[in-house]
Amino acid sequence: MALDNVSLKIASGEVFGLLGPNGAGKSTILKIMVGILRPTTGTIRLGEHDIVTDPEKAKKLIGYLPENPSLYTGLTTLEFLQFVGKIRGVADDLLDQKISDSLKSFGLEEKRNSLVGSLSKGMKQKVALIATSLHSPSVLVLDEPLTALDPKTRVSVKDWIGNQTKRGVTTILSTHDLDVAQTHAGRIAIIDHGKIVAVGDVESLRRLANTASDARLEDVFLRLTEEKGEEPARH
Amino acid sequence: MRYWVKGRFTKGAILGLVVGEAFSVVFILFGSSTYLSFSNRVGLSTGLSEVALSILLALFLVGLIQSGFNGSGLPVSSSDVDYVFTSPVPPREVFAAKVLLNSLTTVLFGFPPILVLYLRFSAYYHTPWPAALLAGLVTLIFLVIGLLLSADITLSLGHGLGERKKLWRNIFIVLVMVLSLLPITLLIPGIPSGIGEVARVLPNGLAAAVSVGLVSGTTGGLAYLADVSLLFAWLGGVLILGVRMSRQHFYDLLEVSVPGGEKFDKPNQVSRLDPRGKSIWSIVRLKEKILISRTREARAQFISAVFLSGFMIIYALSGSFSSSPTSFLFILFIIGSFGSGTASRWIEKERLWILKSSPVSMRRYVKEVYRARGAPLLLYLVPVIVAVGVPLVLGELSQPSLLLGVILALPGALEIASITMAGGMFFASKYGQSSTDDILSSQQQELADIRRFLFQTIINLVMVSPVILLVFVSETLVTILGSGYLPILAIGLVTVSIAFTVLSINFLLNKAGDAVSKREDL
């Protein structure tokens with residue numbers, strides 16, 4: 001069983017972090033949220049739409065970025081973004097402007113006619129992020145957006161996440177980067193072996209873990225994942 | 001090789017082998033009737049026809065060559081790239097091991113039915129069973145030559161060649177295409193004898209001569225020894241060619257289906273996907289066309305079309321079409337199965353995380369991809385069928401019972417190609433590897449490929465068999481009802497055949513869309 005009795009409620013505009021060791025079930029939760037995996041029991045609702053019974057309406061609200069996103073290497077950057085924008089319902093008169101603005105903000109204007117296959121990993125990640133947000137989703141689901149990126153690109157991506165959250169986009173973020181989680185996430189869920197071990201803001205997690213009030217999130221995380229309680233504590 | 005093989009022999013693989021052997025026996029039954037048809041055509045009324053066997057083997061070679069052009073001649077996974085190619089293993093050893101691995105599968109699948117076939121012939125000629133065993137081994141050597149040639153073709157399609165080598169590569173490709181279709185021209189009455197002489201020294205001709213000699217007990221003599229030597233010379237030649245090509249820049253020569261693994265000659269292009277004023281679905285089709293044109297798929301598609309067209313024209317000129325349209329359709333199915341690679345490989349190029357997180361219907365998406373990938377091939381075949389069909393129909397006007405078969409077989413060719421492509425897309429959706437393989441390990445993917453090949457061929461054959469059966473019973477229907485009913489029968493049966501095809505394609509593509517929806521990998 002990949003997940004066991006996972007139940008979460010995320011408010012509109014909230015930035016919600018998912019932390020857990022490798023294999024804990026973070027990616028599985030995110031894939032279920034965006035409709036790639038079907039839950040064996042339970043429901044997932046985005047607003048008033050159920051992702052299982054009403055997937056097309058629910059998916060209009062979502063922008064999803066998987067871990068290691070693969071792109072159409074045979075398309076140019078512009079073609080790729082045009083294609084994604086079109087299938088996600090971005091209006092024709094808005095699409096070109098959005099693409100231009102996004103490429104400019106990520107410093108990729110010179111790469112608009114370059115084949116995606118010729119881009120570096122960092123550039124591809126930026127293109128994938130642009131594709132995720134072209135249709136102005138109200139919910140962003142980001143799976144390890146900073147993994148294996150160079151420091152400069154990590155800064156760009158962190159800034160982008162920050163800008164999205166400032167705009168009030170609900171963001172669900174799975175990450176190993178505790179600094180990102182601590183900086184951006186209002187609440188964090190810690191997952192281990194498919195179960196939610198603890199949920200809450202950093203302060204409440206510190207209390208749950210019985211650590212000092214200035215304890216690093218890393219220490220809180222380690223303490224909580226060592227202790228496997230019956231019921232997840234929620235704040 | 002031990003580790004590559006290790007994952008294959010699970011219960012599932014053994015079951016697959018058993019099913020495959022059963023399928024092979026059925027295939028031999030169809031193949032033997034086609035062989036007899038060829039034997040009658042080339043004028044020998046008794047016994048085995050060496051030329052007929054040569055033509056049959058040539059058809060197998062065409063299939064393997066098409067696989068080579070589709071890039072399947074030397075399949076390389078991302079795990080090979082990451083772990084094998086970064087190890088101090090000489091590329092020529094990797095080449096040899098990969099071909100040996102494919103040969104192992106071919107031997108396991110191919111040898112039993114081939115041996116059964118030769119044992120039957122040997123019984124007819126009262127020659128000892130070791131002769132049949134040797135004849136079977138000779139045919140297997142021919143199949144290994146085909147696999148090596150397929151691997152060489154895939155190696156030759158790499159992007160890393162210099163301009164001078166590209167010229168030699170293009171000459172090599174044209175030569176392979178011409179020589180692979182040459183033996184089939186022997187079916188045409190009045191063909192110059194020189195062509196027969198050339199076909200005689202090709203691998204299929206030599207394998208047929210040596211095998212038939214063994215089972216018919218006519219071995220011996222210098223000419224026979226020369227045939228055996230030349231066959232082994234072909235084996236050595238294609239092996240040396242492959243080893244030579246894989247000696248340097250092995251990785252650069254191969255297109256590896258991992259993100260960023262493909263090489264493009266020109267990293268900067270003119271962007272062609274303008275979505276303004278277009279529907280989502282026309283953009284999906286345009287995206288496919290752009291991807292096909294920028295990768296090797298356009299060339300593979302063209303070569304499939306050339307093979308199918310060439311075969312149709314030769315078969316029509318041979319006069320065998322009218323007397324045995326079902327054999328024509330069956331052979332077309334075999335060639336088409338190898339050539340449906342363009343449609344079958346759609347999943348490798350797809351990025352499921354984009355589709356599955358987008359508000360699009362997967363069933364509709366798959367259908368639009370089918371339109372984009374299948375339509376060019378079908379449109380290319382339509383004028384060929386018209387060019388071939390008009391003289392055939394006019395030639396059979398005085399024979400109503402044969403005429404109906406011809407009338408049904410002509411659109412039947414397109415129908416079989418269409419259904420085979422849709423079947424290929426379905427099985428790719430269910431079993432094919434998508435853009436990342438962290439869900440499917442490399443060995444599991446190999447197993448999935450074996451299952452997929454077996455199921456795909458069997459299910460495709462089941463799906464197209466009503467089309468073939470309709471042609472098969474047409475002569476009987478005209479005989480029973482009378483030639484006066486020919487127009488009604490022709491219109492009615494063609495309509496039924498087309499309706500069946502449309503329903504089958506719709507069914508297969510819906511299944512493909514559902515299979516993609518259920519996949520949990522990206």
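The values are calculated or read from the model by the stated rules, or taken from the named source; none is laboratory data. These numbers were taken from a predicted model, which means no experiment stands behind them. Quick reminder, even Gly has a Cβ in these numbers, built from the backbone with ideal geometry, and neighbours come from all protein chains shown.
Summary of computed values
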item: Residue check for residue A:74: on the phi > 0 side of the Ramachandran plot and either facing chain B (nearest Cβ under 10 Å) or crowded, with 16+ Cβ neighbours inside 10 Å (or both); result: no
item: Neighbours by Cβ (under 9 Å, 6+ apart or cross-chain): first from the range A:181-202, assigned by TED's automatic domain parsing to the domain that holds residue A:162 and on the phi > 0 side of the Ramachandran plot; second assigned to a loop (DSSP other than H, G, I, E, B) and among the β-branched types (Val, Ile, Thr); result: A:194/A:6
item: Restricting the range A:116-128 to residues that are hydrophobic (A, V, I, L, M, F, W, C) and over 13 Å from the mean Cα position of the chain (by Cα), the residue that is surrounded by the most Cβ atoms within 10 Å (Cβ to Cβ); result: A:116
item: Any hit, the range A:149-158, residues being within 27 Å of residue B:274 (Cβ to Cβ) and of a type in the set (Val, Ile, Thr); result: no
item: Which numbered condition residue A:131 fails, given (1) at the interface with another protein chain (Cβ under 8 Å from one of its Cβ atoms); (2) surrounded by fewer than 22 Cβ atoms within 10 Å (Cβ to Cβ); (3) under 20 Å from residue B:359 (Cα atoms); result: (2)
item: Which numbered condition residue A:107 fails, given (1) within 13 Å of another protein chain (Cβ to nearest Cβ); (2) more than 21 Å from the chain's Cα centre (by Cα); result: (1)
item: Residue in the range B:125-132 that is buried (at least 20 other Cβ atoms within 10 Å of the Cβ), in a helix (DSSP H, G or I) and out of contact with any Gly (no Cβ under 8 Å at 6 or more places or on another chain) present; result: yes
item: Tally, over the range A:77-104, of residues that are of a type in the set (A, V, I, L, M) and more than 8 Å from chain B (Cβ to nearest Cβ); result: 6
item: Single unsatisfied condition, residue A:113 versus (1) surrounded by fewer than 18 Cβ atoms within 10 Å (Cβ to Cβ); (2) under 13 Å from the mean Cα position of the chain (by Cα); result: (2)
item: Residue within the range B:249-270 that is within 14 Å of another protein chain (Cβ to nearest Cβ), at pLDDT 75 or above and assigned to a loop (DSSP other than H, G, I, E, B) present; result: yes
item: In the range B:403-431, the residues that are of a type in the set (Ser, Thr, Tyr) and modelled with pLDDT of 85 or more; result: B:418, B:420, B:429
item: Those residues of the range A:37-69 which are touching a residue at least 12 places away in the same chain (Cβ under 8 Å), at the interface with another protein chain (Cβ under 8 Å from one of its Cβ atoms), in contact with a helix residue (DSSP H, G or I) (Cβ under 6 Å, 6 or more places away or on another chain) and farther than 20 Å from residue A:169 by Cα, in sequence order; result: A:69
item: Identity of the residue in the range A:11-36, touching a helix residue (DSSP H, G or I) at 6+ places or on another chain (Cβ under 7 Å) and away from every other protein chain (no Cβ under 14 Å), that ends up surrounded by the fewest Cβ atoms within 10 Å (Cβ to Cβ); result: A:21
item: Cβ pairs under 8 Å, 6+ apart, first in the range B:288-304 and over 13 Å from residue B:65 (Cα atoms) and within 14 Å of chain A (Cβ to nearest Cβ), second of a type in the set (Ser, Thr, Tyr) and part of a helix (DSSP H, G or I); result: B:292/B:342; B:297/B:342
item: Count of residues meeting criterion [touching a strand residue (DSSP E or B) at 6+ places or on another chain (Cβ under 9 Å) and without any contact (Cβ under 8 Å) to a residue 24 or more places away in the chain] in the range A:208-219; result: 1
item: Qualifying residue in the range B:504-513 (condition: free of Cβ contacts under 8 Å to residues at least 24 places away in the same chain, within 14 Å of chain A (Cβ to nearest Cβ) and under 30 Å from residue A:30 (Cβ atoms)); result: no
item: Selection status of residue A:127, at pLDDT 90 or above and of a type in the set (A, V, I, L, M); result: yes
item: Verdict on residue A:158 being outside the structural domain of residue A:99 (by TED's automatic domain parsing), surrounded by 15 or more Cβ atoms within 10 Å (Cβ to Cβ) and assigned to a helix (DSSP H, G or I); result: yes
